[in-house]
Amino acid sequence: MENGSSNNALKPMDSEQLREYGHRMVDFIADYYKTIETFPVLSQVQPGYLHNLLPESAPDHPETVEQVLDDVKAKILPGVTHWQSPSFFAYFPINGSIAGFLGEMLSAGLNTMSFSWVASPAATELEIVVVDWVAKLLNLPEQFLSKGNGGGVIQGSACEAILVVMIAARDKVLRSVGKKALEKLVVYSSDQTHSSLQKACQLAGIHLENCRVLKTDSSTNYALRPESLQEAVSKDLEAGLIPFFLCGTVGTTSSTAVDPVAALGKIAKSNEMWFHIDAAYAGSACICPEYRQYIDGVETADSFDMNAHKWLLTNFECSLLWVKDQSALTEALSTNPEYLKNKASQANLVVDYKDWQIPLGRRFRSLKLWMVLRLYGAENLKSYIRNHIKLAKIFEQLVSKDPNFEVVTPRIFSLVCFRIAAVDNDEKKCNNLNRSLLDAVNSSGKLLFSHTILSGKFVLRFAIGAPLTEEKHVKEAWKVIQEEASFLLSK
């Protein structure tokens, strides 16, 4: 083993070693999925646990793959929260699948740096093709397809997508009114919009006092009221400010509220604002014809985003962003250093995705989406989503039948918002009770779910979307929740 000179030492790349160890790694991961239900869903370790288990410095000489995998079992897995567990109901899901995993393997094996067309033509062209495929599944307007002035791109997350379109919108308006007007630009959203919008504002240099977070309530099931938006825009115009960006959401994080896309789009258009739709979670459901209605009016938007890694069986990360005007992105984000110049790019014959995103480098992400679409097919993906929604209906019915609980907002997709009901209108006691219930259930390790705050109420969120989840897991989870609730209520 000295100096890594042994014949048994792992080489940087050797096809036979890759074959041998690749088999072992696939077996290891397959065994993990086979036994995933034996792990506590929420990791039970304490902060800093791993520092005490690992050496203070890297080894000088090679260790074996077996030694590393033994450490994964003994030291890493105890610190993993198992997002692919069938009893994971927290946040929103991140989907994994055999097809997605195989696509990740292929991407890692080819290991390309696909920042421009010439750097790896297949990576760029496959991305154009598969993003168009998904646009057609969603029945998006033709302006979002690659054959015109628009097109799509795979970002790492919806957070990145919001940032790049905000920068594009900012630069577009500043080219018209002058760079000194930055301090006058105003952004609009509801109080249910994902926090990534605020981060985008900070990174794009938008003054936080010009971020209008418009209040929602239960009367609209926490959707943004067009009247609230129009009133805010009118006030800002009277004050000499410049409304320039509106973010609507289809499927908010707290409760999957759906903003009225068509009505908001009319207001945005009449005031020359960039209208972005964040459908990170619920966008996948809109490939089903019966749920497509929730993005009716998308033709009024300038950009639209959904995460295939949330609910479309595509391993993290794979966030699809479409824009009507690709030049808005490229004019804001393009760089053209000498060392990247090439004939195809300079002749405007190709797409260079480096100019559609923040970083230069990018992975061959389209491979996994391509494999998911081909190995499952659109009809199976629709059935997969419908099954999760059916399971959410079952959970909603279980909650509704228990007099100790209440459903807080109407269920639209596969998220159920519920809580132990307040007694004698004592909301403070009710909030504390539900917080205790959440902590007790999650610390049991039997399942994991999460919470939000709606109109001052501490609300429990039960999001169904893990690939392995079946009806029995939903009913078992409800039984655990009921048992813990009964114990707390009996105190």
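Remarks
- Picking from residues in region 227-248 that are touching a residue at least 60 places away in the same chain (Cβ under 8 Å) and surrounded by 24 or more Cβ atoms within 10 Å (Cβ to Cβ), the one that is farthest from the chain's Cα centre (by Cα) is F244.
- Of V408, V351, V416, all but one fail to be touching a residue at least 40 places away in the same chain (Cβ under 8 Å) and closer than 29 Å to V165 by Cβ; the exception is V351.
- Qualifying residue in region 82-93 (condition: within 16 Å of A466 (Cα to Cα) and open to solvent by 40 Å² or more (accessible area, probe 1.4 Å)): yes
- Those residues of region 163-180 which are among the β-branched types (V, I, T) and crowded, with 19+ Cβ neighbours inside 10 Å, in sequence order: V164, V165, I167, V173
- Residues (closer than 30 Å to G109 by Cβ and β-branched (V, I, T)) located in region 22-63: V26, I29, T35, I36
- A residue that is over 30 Å from K472 (Cα atoms) and touching a Phe, Trp or Tyr at 6+ places or on another chain (Cβ under 6 Å) can be found somewhere in region 57-68.
- Test: residue in region 310-330 that is in a helix (DSSP H, G or I), open to solvent by 30 Å² or more (accessible area, probe 1.4 Å), in contact with a strand residue (DSSP E or B) (Cβ under 8 Å, 6 or more places away or on another chain) and in the same structural domain as A263 (by the TED database): yes
- Unique match (being assigned by the TED database to the domain that holds A279 and either in contact with a Phe, Trp or Tyr (Cβ under 6 Å, 6 or more places away or on another chain) or surrounded by 18 or more Cβ atoms within 10 Å (Cβ to Cβ) (or both)) among S189, S195: S189
- Put simply, of V423, V399, V350 the only residue that is outside the structural domain of A301 (by the TED database), outside any strand (DSSP E or B) and surrounded by fewer than 19 Cβ atoms within 10 Å (Cβ to Cβ) is V423.
Here is a yes/no grid of residues against (1) in contact (Cβ under 8 Å) with a residue 24 or more places away in the chain; (2) not in a loop (DSSP other than H, G, I, E, B):
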position	(1), (2)
L54	no, no
A58	no, no
V68	no, yes
V72	yes, yes
P78	yes, yes
P86	yes, no
A90	yes, no
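- All positions within region 55-80 that are touching a helix residue (DSSP H, G or I) at 6+ places or on another chain (Cβ under 7 Å) and exposed (fewer than 12 other Cβ atoms within 10 Å of the Cβ): H61
- Pick from region 37-53, criterion surrounded by fewer than 11 Cβ atoms within 10 Å (Cβ to Cβ) and not polar (S, T, N, Q), ranking: nearest to the chain's Cα centre (by Cα): P47
- Total residues in region 439-480, condition free of Cβ contacts under 8 Å to residues at least 40 places away in the same chain, over 24 Å from the mean Cα position of the chain (by Cα) and surrounded by 15 or more Cβ atoms within 10 Å (Cβ to Cβ): 1
- Sole residue being surrounded by 17 or more Cβ atoms within 10 Å (Cβ to Cβ) and in the same structural domain as N315 (by the TED database), chosen from E183, E160: E160
- Scanning region 353-394 for residues that are out of contact with any strand residue (DSSP E or B) (no Cβ under 9 Å at 6 or more places or on another chain), open to solvent by less than 30 Å² (accessible area, probe 1.4 Å), farther than 30 Å from K475 by Cα and part of a helix (DSSP H, G or I) returns K354, D355, L367, K368, L373.
- Count of residues meeting criterion [open to solvent by 10 Å² or more (accessible area, probe 1.4 Å) and within 16 Å of G156 (Cα to Cα)] in region 97-106: 1
- Residue count for region 332-342, restricted to those that are touching a residue at least 40 places away in the same chain (Cβ under 8 Å) and open to solvent by 80 Å² or more (accessible area, probe 1.4 Å): 0
- F462 falls short of the stated requirement of being of a type in the set (F, W, Y), over 19 Å from H82 (Cβ atoms), in contact with a Cys (Cβ under 9 Å, 6 or more places away or on another chain) and at pLDDT 95 or above.
- Residues located in region 252-296, provided they are in a loop (DSSP other than H, G, I, E, B) and either open to solvent by less than 10 Å² (accessible area, probe 1.4 Å) or of a type in the set (A, V, I, L, M) (or both): T252, S255, T256, A257, D259, M273, A279, A280, Y281, C288
- Residue selected from region 90-134 under the condition aliphatic (A, V, I, L, M) and within 30 Å of L415 (Cβ to Cβ), by the criterion nearest to the chain's Cα centre (by Cα): I94
- Applying the set (1) among the charged types (D, E, K, R); (2) open to solvent by 40 Å² or more (accessible area, probe 1.4 Å); (3) modelled with pLDDT of 95 or more to E127 leaves exactly one unmet item: (2).
- Condition met for V45 (under 19 Å from A440 (Cα atoms) and β-branched (V, I, T)): yes
The values are calculated or read from the model by the stated rules, or taken from the named source; none is laboratory data. Nothing here was measured: the structure is a model prediction, and the numbers come from that model. Neighbour counts are summed over all protein chains in view; Cβ atoms, including those assigned to glycine, are modelled from backbone coordinates with ideal geometry. Note: accessible area is taken over every heavy atom of the protein model, side chains too, but ligands, DNA and RNA are not part of it. Shrake-Rupley method; radii C 1.70, N 1.55, O 1.52, S 1.80 Å.
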